[in-house]
Amino acid sequence: MFVTENPNHKGNVAELAIAKEAAELGLSVLKPLTEHERYDLVLGVAGRLLRVQCKWANCKGDVISAHLSRSRRGPQGYIRRNYSSDEIDAFGIYCGDLDRCFLIPVEEIAGQWTLRLRLAPPRNGQRAALHFASDYDLGAVAQQEERRRGTAEVGGSNPPSSTDVTAFSEAALEEVGAHKFRNHFGYYMEQAAAGTNVLIRRHGKPYVRLLPVA
């Protein structure tokens, strides 16, 4: 794909690509009517509206890289700032080299200036503190959110008197690999505190659960 080096042009292409794929997946795609919002799009995912900041990414070898900060000119030069969870809910990443879209919750990469998604494990075998692209494909994230919504609705349809420990543990279930859970423990702890039951898998098999306080 040929794209000029103009950052604004790349940003426009990324935003349109993410909106197109989201629409093809059947997600609602909304655009702010006012200017200077911190988010570019609002995506309706499993009954939730997510404020999404769109970014262009490049791919070199097995690594997809995207700059997450924003900058503005100040009296003494450019000022760089991160995005916070008060401003956006997720980053939408479009890699022009691969023509792939990704959706990453802002809590998982809070405070980072650059995002790196790996297409394959590094040769040294390291897995801790890494983000793998397959975990954040836009389509995969949307499907996971729909499954979580479905299990939450099933659990909520039972009367309180019939909800035992097993039924409670199945409501709003989110599955995650052990290495990803380890890297983002704080994020999943917040998810559990909000009522989501987190099932951690190790080598593809159920390993442990993180449950909210009853």
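The values are calculated or read from the model by the stated rules, or taken from the named source; none is laboratory data. Since this is a predicted model, take the numbers as computed values, not measurements. Please note: Cβ atoms are built from the backbone with ideal geometry, for glycine as well, and neighbour counts cover all protein chains shown. Areas reflect the complete protein model, heavy atoms only, side chains present, ligands, DNA and RNA absent. Shrake-Rupley method; radii C 1.70, N 1.55, O 1.52, S 1.80 Å.
Numbers for the structure displayed
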item: Qualifying positions in the stretch 74-121 - in a loop (DSSP other than H, G, I, E, B), touching a residue at least 40 places away in the same chain (Cβ under 8 Å) and over 19 Å from Glu37 (Cα atoms); result: Gly96, Asp97, Asp99, Gln112, Trp113, Leu119, Ala120
item: Residue match in the stretch 134-143 (condition: open to solvent by 90 Å² or more (accessible area, probe 1.4 Å), modelled with pLDDT of 70 or more and either closer than 28 Å to Ile18 by Cα or part of a strand (DSSP E or B) (or both)); result: yes
item: Selected residue [more than 14 Å from Val141 (Cα to Cα) and crowded, with 17+ Cβ neighbours inside 10 Å] from Ala90, Ala66; result: Ala66
item: Residues of the stretch 82-123 classified as under 18 Å from Lys60 (Cα atoms) and of a type in the set (S, T, N, Q), total; result: 1
item: Matching residues, the stretch 1-12, being among the polar types (S, T, N, Q) and either assigned to a loop (DSSP other than H, G, I, E, B) or exposed (fewer than 13 other Cβ atoms within 10 Å of the Cβ) (or both); result: Thr4, Asn6, Asn8
item: Single unsatisfied condition, Glu15 versus (1) on the phi > 0 side of the Ramachandran plot; (2) crowded, with 18+ Cβ neighbours inside 10 Å; result: (1)
